[in-house]
Structures are given as C-alpha cells and as structure tokens.
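> I'd like to ask some things about the structure below.
The values are calculated or read from the model by the stated rules, or taken from the named source; none is laboratory data. Everything numeric in this text was worked out from a predicted model, so none of it was measured. So basically every Cβ, Gly included, is an ideal-geometry build from the backbone, and we count neighbours across all protein chains shown. When the accessible area is computed, the model is the full protein with side chains, heavy atoms only, and any ligands, DNA or RNA have been set aside. Shrake-Rupley method; radii C 1.70, N 1.55, O 1.52, S 1.80 Å.
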Amino acid sequence: MKKLFPLLFLFLYSCKKDEKPNADQKKDTTKEKNIQKDTASNLLPEQHTNSIQFGKKPSDLVPDGYEIQYDAEGDLNQDGLSDMALVIRKKEDTLADRKMIILLRNTDKTYRADKISDTVFPYEYNESGYKMHDQEDISIENGGLSINLYDIGPNGNQFSRFKYLNGDLVLTYVETYNMGAGSHSALYYEPLKGKLIHETINTMEEEMPSKSKTIHLKKERYLFEKMSPDDVVRKAYDAVHE
C-alpha cells in the first residue's frame, strides 16, 4: 500500500488545475465519448475476436490502421514463457478509444492473441485535446499485469493490477489517489476479497490529520476484457459515500 506524501504536488497542481477538467467533467467526457464511439466492436478483424490467431512477432497480431503505443513483456500465465501486453491506438485518430491485447507465447516461439479489451485502457485525450493523464505505463512482473496512470491534477493517479486465474485475466487490485479542495483522498480496493480501504487527509488543518475507513463489499470477479477500472473506482467511491 502506497503512503500519502502529497505536499510535493500542491504547487504544481494549483498551476495546472485551470487547464484540466475537474472530476465531474471527466465523468461527462467519458459518457460523451461512449456515445460517439466509432464501431469499436468492428475495429479488430472478426478473426481476431472469434478464433485464436498466431503470429511470429507481436506486430503480426496488430490490425491494420493501428500502431503499438505501449508494450510490456513477462510471463503472465506462469508457463515459463515470456508473454506480451500491447496498448494499440489508431494511427490517424488520437481521440479514438485505445485497445489492449494480451499475447501469450507458444512453445514454438510464436504468439497467440488470448485477451482483447476495448475498455481496460482509458482515452488518451479528452474532447478539448488535453491529455487525460500526464504519464502512462504498463508492466508485467511476478505474473501480474500492471496499468499505471499518473496525474498531479484532478484526474489523479490510478494503478490497476491483473492476474491469470483459471484461464481468466482478472482484476486483483485498484489504487487511486486524488487531490481535492481541502483534502486528499486515496482508495485501495481488492475486488476478489471484497476489501476496500478509503483514506483521507484534511489539508485545511495545520497537522493535516488523516482518517482511514475499511469497508467490506461483495466479492467481485472483474474480467480484463469486460471491465473498466474507471467504472470500478466510481462504484467503490459510491460504496464509501453510502
């Protein structure tokens, strides 16, 4: 669990807040983009979604019109072979949704497309042309896939972790950190355990006292190809405020 050391970002945050959307605007942006989404289900050729495809290299499994933006290498399914995770985007439309593909390595050194998600990785820009996050990266370590989003502004940091369990790639952990007027907030959520911890720091008082609240929720199994970390976080915050 990460510790909260937010003071380093207060000055930078105050400088940037006028050019970034606030939290409510971010939600509205997401809704609008979902409405304007362009044939997302048809962007990958049918053979990529309905049957296993193989390629000698990761780029062989990237559909026409797309390019690899981020990649990570590591053994995801714990079979001793090095797999790949790719974030791909349309070459000519930076405002379009991005996709994430999980490629598992075969013993003959080829790759097979195992999981594809239209929703697990966020939009890169909002409708005004501003980047949603200052920094993004993905990594594979100890059999887990990490999606890390960093923003010292209103969007905040968000870290998501996934692991293969019985053939499914499932969300095991989400962590967020946001700075608001008068307080900072962090969320630590383990869906498979139903364990949610919410921490706040009151920046209006000199001592900046912190509070921590643990909430026990229904255990959830969120599949990589069917979920959005943003939606999971919103649901978790709804539980905090109930």
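> For the range 161-186, how many residues meet the condition of being modelled with pLDDT of 95 or more and not polar (S, T, N, Q)?
Number satisfying all stated conditions: 13.
> When you look at Thr203, is it surrounded by fewer than 18 Cβ atoms within 10 Å (Cβ to Cβ) and β-branched (Val, Ile, Thr), yes or no? It would help to see each step written out before you state the result.
Working: surrounded by fewer than 18 Cβ atoms within 10 Å (Cβ to Cβ): yes; β-branched (Val, Ile, Thr): yes.
Judged against the criteria, Thr203 is a match.
> If we keep just the residues of the range 152-186 that are polar (S, T, N, Q) and closer than 13 Å to Met227 by Cβ, which is surrounded by the fewest Cβ atoms within 10 Å (Cβ to Cβ)? Break it down stepwise before answering.
So the first thing to find is which residues in the range 152-186 are polar (S, T, N, Q), and the list is 155, 157-158, 160, 166, 172, 176, 178, 183, 185.
Next, from what is left, pick out any that are closer than 13 Å to Met227 by Cβ: 160, 172.
Details: Ser160: 27, Thr172: 18.
Result: Thr172.
> While we're looking at this one, here's another question. Identify, please: which residue in the range 56-74 is in contact (Cβ under 8 Å) with a residue 60 or more places away in the chain and open to solvent by 40 Å² or more (accessible area, probe 1.4 Å) and is, among those, nearest to Tyr123 (Cα to Cα)?
If we filter the range 56-74 for residues that are in contact (Cβ under 8 Å) with a residue 60 or more places away in the chain, which is where we start, we get 70-74.
Filter again for open to solvent by 40 Å² or more (accessible area, probe 1.4 Å), leaving 70-71, 73.
On the way: Tyr70: 14, Asp71: 17, Glu73: 23 Å.
Only one residue fits best here, namely Tyr70.
> Restricting attention to strands (runs of 3 or more DSSP E) lying wholly within the range 136-181, give those where 3 or more residues are under 26 Å from Thr203 (Cα atoms), in contact with a Pro (Cβ under 6 Å, 6 or more places away or on another chain) and not acidic (Asp, Glu).
Details: elements: 144-150, 157-165, 168-180.
Qualifying strands (runs of 3 or more DSSP E): none found.
> Okay, next question. Specify the residue that is most open to solvent (accessible area, probe 1.4 Å); the eligible residues are those in the range 103-140 that are polar (S, T, N, Q) and touching a helix residue (DSSP H, G or I) at 6+ places or on another chain (Cβ under 8 Å). First the steps, then the outcome.
Taking the range 103-140 and keeping what is polar (S, T, N, Q), we get 106-107, 110, 117, 119, 126, 128, 135, 139.
Now drop any that are not touching a helix residue (DSSP H, G or I) at 6+ places or on another chain (Cβ under 8 Å), which leaves 117, 119, 126.
Numbers: Ser117: 1, Thr119: 54, Asn126: 7 Å².
Here the residue is Thr119.
> Further question on the same structure: Just to check your reading of the model, which residue among Arg221, Arg234 is charged (D, E, K, R), open to solvent by 60 Å² or more (accessible area, probe 1.4 Å) and in a helix (DSSP H, G or I)? Full working, then the answer.
Values: Arg221 fails: in a helix (DSSP H, G or I).
It is Arg234.
> May I pose another question? Filter the range 205-216 down to the residues that are within 19 Å of Leu192 (Cβ to Cβ) and either touching a residue at least 24 places away in the same chain (Cβ under 8 Å) or part of a helix (DSSP H, G or I) (or both) and list them by number. Lay out the reasoning, then the answer.
Restricting attention to the range 205-216, the residues satisfying the condition of being within 19 Å of Leu192 (Cβ to Cβ) are 214-216.
Of everything in the range 205-216, just one residue is within 19 Å of Leu192 (Cβ to Cβ) and either touching a residue at least 24 places away in the same chain (Cβ under 8 Å) or part of a helix (DSSP H, G or I) (or both), namely Ile215.
> Across the range 100-119, which residue is farthest from Gln78 (Cα to Cα) among those that are under 19 Å from the mean Cα position of the chain (by Cα) and among the charged types (D, E, K, R)?
Filtering the range 100-119 for residues under 19 Å from the mean Cα position of the chain (by Cα) gives 100-103, 114-119.
Still in the list and also among the charged types (D, E, K, R): 114-115, 118.
Values: Asp114: 14, Lys115: 16, Asp118: 25 Å.
Restricting to residues being under 19 Å from the mean Cα position of the chain (by Cα) and among the charged types (D, E, K, R), the top hit is Asp118.
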